[in-house]
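The structure appears right after this line, and notes come after that.
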Amino acid sequence: MNGAQIIYGNSEPWLGLVFKTLDQQFDETASGSRFYSSAFSTDTKFGAAGLGVDILLNDWEPEPTSDPKIVFYHGDVRLRSLGDRTKNLIAEMSAKLSSAVSTQEKASEKLFVECVALNGDPADLGTREFVGKLFFDEPGGDNECQVFLTVDVARQSAWFGEKDAEDSPKVLGWLARLS
């Protein structure tokens, strides 16, 4: 994608939460998979809050659109628990949404979600903002929901952007699965 930067998504931070990206790392596995990892952190009334994010940088499947300058990429993103910081984040989000979170779902330290990169090839994350749409649950399922994710490596910041207001409690429910 040359020329003007094309950004889709919601540039307004969901629930007003902007994260500092701590411990940003670009790394490569022995098999050649390259990835970006960071701990997202913010201060809340519940204390330090955040979660970990890992984004695979290669092997995303390109999907050309009707505009030859725009290609969306399909891949996965992993969200990680940061223990008490993640619990504090869920508490802050619950308070801001005035929504109780169900703890009936199985807790996990990691949550893999499908993602569509909306702002070009994720391999360019080191030189441009990453904007993705995260998909939770199976498409068309009762608990399907989506949220945008923006990561700006240069500014060391990240945020989620609301896709649909009715999805917000469902997204919170999925994030609450991170123990």
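Which numbered condition trips up residue 89, out of (1) more than 20 Å from residue 48 (Cα to Cα); (2) touching a Ser or Thr at 6+ places or on another chain (Cβ under 8 Å); (3) open to solvent by less than 10 Å² (accessible area, probe 1.4 Å)?
Only one criterion in (1) more than 20 Å from residue 48 (Cα to Cα); (2) touching a Ser or Thr at 6+ places or on another chain (Cβ under 8 Å); (3) open to solvent by less than 10 Å² (accessible area, probe 1.4 Å) is unmet by residue 89, namely (1).
Can you confirm whether residue 49 is under 19 Å from the mean Cα position of the chain (by Cα), part of a strand (DSSP E or B) and on the phi < 0 side of the Ramachandran plot? Give the derivation first.
Working: under 19 Å from the mean Cα position of the chain (by Cα): yes; part of a strand (DSSP E or B): yes; on the phi < 0 side of the Ramachandran plot: yes.
Judged against the criteria, residue 49 is a match.
Regarding the stretch 163-170, can at least one residue be identified that is open to solvent by 60 Å² or more (accessible area, probe 1.4 Å), on the phi < 0 side of the Ramachandran plot and under 15 Å from the mean Cα position of the chain (by Cα)?
yes
The values are calculated or read from the model by the stated rules, or taken from the named source; none is laboratory data. Nothing here was measured: the structure is a model prediction, and the numbers come from that model. Positions of Cβ are backbone-derived with ideal geometry, glycine not excepted, and every protein chain shown enters the neighbour counts. Protein only, heavy atoms only, side chains kept; ligands, DNA and RNA dropped before computing areas. Shrake-Rupley method; radii C 1.70, N 1.55, O 1.52, S 1.80 Å.
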